[in-house]
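Note sheet for the following structure.
Every number here is computed from the coordinates shown, using simple stated rules; none is lab data. Quantities reported herein were computed from a predicted structural model and do not represent experimental measurements. Note that we place each Cβ from the backbone using ideal geometry, even for glycine, and neighbour counts take in every protein chain shown.
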Amino acid sequence: MSTVTLGKAITQALRDALADDRKVLVFGEDVGRLGGVFRITDGLQHDFGEDRVFDTPLAESAIIGISVGLALRGFRPVPEIQFDGFIYPAFEQIVSHVAKYENRSGLSLPITIRVPFGGNIGAVEHHSESPEAYFAHTAGLKVVAPATPADAYGLLRTAIAGPDPVIFFEPKARYYLKGELELPCPPVPLGRARIARAGSAVSVIAYGPMVETALQAAQRADAEGISLEVVDLRSLAPLDVDTVVASVRKTHHAIVVHEAPVFGGFGAEVAARISHDAFDSLEAPVVRLGGLNIPYPPARFEKLYLPDADRILQAVDETLAYG
Amino acid sequence: MAERTFHLPDLGEGLTEAQLVRWRVDAGAPVEVNAPLCEVETAKAVVVIPSPWAGTIRSLHARPGESIPVGAPLVTIAPTAEPAGEAEATGGSVLVGYGAHTPGGAQRRRRAPAAPASTPTPQAGVRAAPFVRQLARERGVDLSAIQGSGPDGRITRSDVEAAAALPSAPAAAAAPQASAPERRPDQDGDHRITVVGIRKAIARQMVRSVSTIPQFTEFAIFDATALMEARALARRGGRPRTPLPYFVRALALAVRAHPLLNSSWDEARDEIVVKGALHVGIAVNTPQGLLVPVLRHADRLDLDAIAEQAGRLIDGARAGTLSVSDMTGGTITVTNVGASGPIETGTPLVNPPECCVVGFGGIRQRPMVVKGQVLARESAWISISVDHRIVDGGLATEFLTTLVTQLEHPE
Amino acid sequence: MPQTGTANHGLTREQLVDLYRKMVVIRRADQEALNLQRQGELGLWGQFLGQEATQVGAIAALQDSDWVVPSYREFGMAMCRGIDPGTMLGYFRGLTHGPWDPRRYRFLPFAISVATQVPHAVGFAMGCRLEGSQDVVLCVFGDGATSEGDWHEAMNFAGVFRAPVIFLCQNNQWAISVPLRQQTAGSIAERAQGYGFPGVRIDGNDVLAVVGAVRTAADRARRGDGPSLIESVTYRMGAHTSADDPTRYRPPAELAPWEARDPIARYAGWLRAQRIVDEAQLAAIAMEADAAAQAMRATLTHLPIPPPGASLFGRVYHDPPASFLKEREEFEASLEPPP
């Protein structure tokens, strides 16, 4: 058992995947010699060679496009998109090919696309986005967003070893979050949520960076005698509806929280599933908390945009006061 | 050879019709496969339609200038040879796009409901969350009879729980009364009373009792001499008590000996749920109607504690000051039958979802045979009604015997 | 009349005749497919009339172990790779998105969204190189594709990683209604220089020229010298697809000079002049093509409608999530069996 940061857990997962399977390739912009702008791939090119860990030209669509070709040839590509806001040039390749190629060919496409996502890092434009809903909406993709070092390691290993394409969203504001990681660890399956903290009054459902925020809110609520249950989805697609519904059946109240804008966001899917599968358990409407319906704001305003513990607690107060 | 009719296909990704420009064949003439039949103009292009079959043109179904809907007959041909299997394979010329059908393919259609769908009864003005409505259904609470205490008059979980605690089972005694009776005389001089609130809840609960629980009743008389002596002793010690604490105490000991009486029938699963705790509901006649406050964990209390808490509950019920937790969660009920008046005993009704209700009559002197002599003794009737799905006569008798023994030999 | 036939690339007489046979067979299939669309048997058809030399020549220049990454107009190439045309038409009949096993024919699925297949070809070729394999990849696209960002990104990657890939542009002068001069102000072939590999412009209606250029590029790739770009100049004699009307945008006078350069007629003339074929052989090939077209029609019209559950849900995930399987079950339970 050792304490590692979430970022280092990802590095370890990549290292172990490269060591375990010669078909695994890691590539992207600045991932080779530099080791990535967040140093996630630090040392991997040195240890595994330039054929298996390499820098590419600045071309996101081609990074994903060649991943399709490499996968069809039998490799397990693990491309990196440097920042969330730079994934859009690759959108067509992801939606039209990564997601659909198996459907037209019957062939497995074991591609894991790593994407640092989310804000709270004081960055310039395009560096703080949460585009997960676009991909969760797309049949054929699996979408994952870990919140802890252990899950980051376990989910990434599962994603790379699996037969289907996975969009792996890394909570970049939590790269330095520390947690326990014991290796070897059992694989973390996709599509299985986790109760990050058990509670009884309100279910707060989150993923990625917002899990830690929800836990902070739960700690403060606890001091006030309000017991929050924090559900860490871990995997958006497939979505573990059963765990979410079981939690809401217990608490009768649900708040879904993410950084992405609320309108058409992933929270809408979670809210709809709760409303359908746990309708008779609801004592109040499901609350969605998220970013404002505006372009991601300049850094000086991001604290006003992002959900934080106070906004979660405000939502808790309102949902409990509903009736 | 049988004639076959060719229908206008969708010639270009969702077209709905085409205009016939001209025929390139005449009726009665021979035609080869793929030979031009006609030219049509769609919204996108002028196209030549080739014949799908070789044969003789029997009839042309449109005139130049005429608009033909996709899927409408275009030409009828008597083929020279049966086109093997084509008709079976495709069944028509509108394959995809507008007007397409998939003969031989599976369909997804609206299905008739298995049972006639019941028209939901609109509950105008009722505001309650889904869980609150579900709770009300489970507890037999009529939401339209409740004034919500939440924001905007919304009915809350607490409101339903309070309302569910109001109705009570036992006692054939309670006189019909409504919490806010509205009397409306009709032509014959009869009066109709609008039933709301507690009266309505009691009615619902009693209907549930007799319509879902097959119940039977047994009666006994017990010698209360020792009980009255114990009361006198307590009174002299400065702790005056009604008989009720002794009844509750005896009931707790009888349940300990026969736990199956403290149970409920789970109708959803056809299972008996034997309760882990003993919470005794005490039927109390109040100005609003019959209420059943609950003495929680009665088996853990001594006589003094029972007396103290029962007193608080009865006073609270009459004053309308009890909390929700005081009014919910009973597992067995006691009721007083004939505390006043010439009544000896009665048949209490089981309080759903409980299994057993115990009715105690008034303690007074009656002639009893003691050691061969007829003596005037303090005595009382006791009656139990039980759910026959759970309890048979033998067990009921054992339970009643234990109860009588405990009452005749109080601590 | 320009002919490159003086160089027959070491092909035997039988191989030379086979090039002709294949051009005739795929043209006849193309015509039959258009008829089938007009008769309501296909939802859509995209003709390749006039482009037979490029399609037949390119495949003939490859080894069987090489891979082909097509766009959507390469039906003739797919036939040359041995894929059954009647089964393949199931794609245009709306029965399936993928009527053949790409591994069996080393022929990837059609790519409808323009130029998106080009980076796939490059990645595939990069994989071949990483494995130390001798396989090369033929990537096919049209002139319109060269305007897409993916095309540029893929060409650039291919140059940087020396991928063993042949970029074959079927420049048929039209991208639906937009002519080449509005597609690009420069030369397609010359762009290769900017990416660091050779580019050539060839007569795409000369089957032997196509064979020669593709073989040269394949040899180069196999040697490890990297990619090549071939701009094969040809002409789309038909419409973009069966839903298109070229008379709305194409001057009729444009067709005549291209009819004079028809790839099949030209090659037949050369074969006659070289005394490689006689009229009886040509007639026999025409009958063979007719028979193949009728067989294609019969196969197509007898294609069964596959079971909906397996068709729609069977190839979405290799490891389908439980929730997905549940949706499939619910879907299948909602179906009324066919009468």
Take the alpha carbon atoms of region A:33-164, find their radius of gyration, then divide it by 2.2 N^0.38 Å using N residues; give the quotient. 1.04
Determine, for A:86, B:360, the number of other Cβ atoms within 10 Å of each Cβ, and report the residues in order from fewest to most. A:86, B:360
Sort largest first and round to whole Å: the equivalent ellipsoid semi-axes of region A:230-293, each the square root of five times a Cα gyration tensor eigenvalue. 18, 13, 10
Find, among the GluC sites (Glu not before Pro) in region A:1-110, those assigned to loop by DSSP (not H, G, I, E, B) with at most 14 other beta-carbon atoms within 10 angstrom. A:50
Along the positive direction of the dipole of region C:140-285 (beta-carbon charges: Lys, Arg +1; Asp, Glu -1; about the Cα centre), which of C:267, C:154, C:211 reaches farthest? C:211
Given N residues in region B:294-411, what is Rg(Cα) / (2.2 N^0.38 Å)? 1.21
Alpha-carbon Debye profile of the protein assembly as shown, log10 I(q)/I(0) at 0.08 Å⁻¹: -0.95
Debye log10 I(q)/I(0) at q = 0.16, 0.24 Å⁻¹ for region C:177-268, Cα point scatterers: -0.84, -1.21
What whole number of Å gives the distance from the Cα centroid of region A:123-169 to the Cα centroid of region C:284-339? 32
Magnitude of the charge dipole, region C:3-109, Cβ model with Lys/Arg +1 and Asp/Glu -1, debye to 20: 60
With N set to the number of residues, divide the alpha-carbon radius of gyration of region A:108-160 by 2.2 N^0.38 Å and report two decimals. 1.28
For residue C:244, what charge total do you get from the other residues with a beta carbon under 14 Å from its beta carbon, if Lys and Arg give +1 and Asp and Glu give -1? +4
³J(HN,Hα) across region B:295-307 via Karplus (A = 6.51, B = -1.76, C = 1.60, θ = phi - 60°), whole Hz, x for Gly/Pro? 8, 7, 6, 4, 6, 9, 9, 8, 4, 4, 5, 4, 4
Taking the mean number of other Cβ atoms within 10 Å as a proxy for protection, how do you rank B:363-375, A:152-164, B:290-302, B:318-330 from highest to lowest? A:152-164, B:290-302, B:318-330, B:363-375
Going by how many other beta carbons lie within 10 Å of each one, how would you line up B:405, C:234, B:331, fewest first? B:405, B:331, C:234
For region B:1-49, state the semi-axes of the equivalent ellipsoid (square roots of 5 times the eigenvalues of the alpha-carbon gyration tensor), sorted largest first and rounded to whole angstrom. 22, 13, 9
Can you give me the long-range amide H partners of residue B:215? Hydrogens built in the peptide plane at 1.01 Å from N, cutoff under 5 Å, separation of 5 or more residues or another chain. B:388
Gyration tensor (Cα only) of region A:58-102 to equivalent ellipsoid, semi-axes in Å sorted down, yields 17, 12, 8
Would you kindly compute the Cα radius of gyration of region B:225-354 and its largest Cα-Cα separation (Dmax), both in Å? 15.5, 52
Rounded to whole Å, give me the distance from the Cα center of region C:221-242 to that of region B:347-411. 101
Long-range amide H partners of residue B:21, meaning residues 5 or more apart or on another chain whose placed amide H is closer than 5 Å, are B:39, B:40, B:41, B:65
Where q = 0.08, 0.15 Å⁻¹, what log10 of I(q)/I(0) comes from the Debye formula for chain A, counting one point per Cα? -0.35, -1.19
Could you please state, rounded to a whole Å, how far the C-alpha centre of region C:85-110 is from the C-alpha centre of region C:123-159? 22
Through the Karplus equation 6.51 cos²θ - 1.76 cosθ + 1.60, θ set to phi - 60°, convert the phi angles of region B:402-407 into ³J(HN,Hα) values in whole Hz; use x for Gly and Pro. 4, 4, 4, 4, 4, 5
Any chance you could list P(r) for chain C, counting all Cα-Cα pairs in 10 angstrom bins from zero, rounded to whole %? 5, 24, 32, 25, 10, 3, 0
Pick out, from A:127, C:234, C:105, the residue whose Cα sits farthest towards the positive end of the charge dipole of the protein assembly as shown, with +1 on the Cβ of Lys and Arg and -1 on the Cβ of Asp and Glu. A:127
Cα long-axis angle, helix A:266-277 against chain A (0 to 90 degrees, to the nearest 10): 50
Relative contact order computed over chain C (Cα-Cα under 8 Å; 6+ residues apart), in percent: 23
Add +1 for every Lys or Arg and -1 for every Asp or Glu among the other residues with Cβ under 13 Å from the Cβ of residue C:295, and state the total. -2
Excluding residues fewer than 8 places away in the same chain, name every one of the lysines whose C-alpha is closer than 27 Å to that of residue C:326. A:100, A:142, A:250
Around residue A:37 (Cβ within 15 Å, Cβ-to-Cβ, excluding residue A:37; K/R +1, D/E -1) the net charge comes to -4
Can you tell me which aspartates and glutamates have their Cα less than 15 Å from the Cα of residue B:371? Leave out same-chain residues fewer than eight positions away. B:223
Over 21 Å apart: what share of the alpha carbon pairs of region C:190-339 falls there, rounded to a whole percent? 73
Per residue, how big is the convex hull around the C-alpha atoms of region C:50-113? Give it to me in cubic angstrom, could you? 85
Placed amide H near residue A:196: partners under 5 Å, 5+ positions off or other chain: A:230, A:231, A:232
Across the Cα atoms of region C:1-139, what radius of gyration and what greatest pairwise Cα-Cα distance (Dmax) are found, in Å? 16.0, 49
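I need A:296, A:175 ordered by Cβ neighbour count within 10 Å, fewest first.
A:175, A:296
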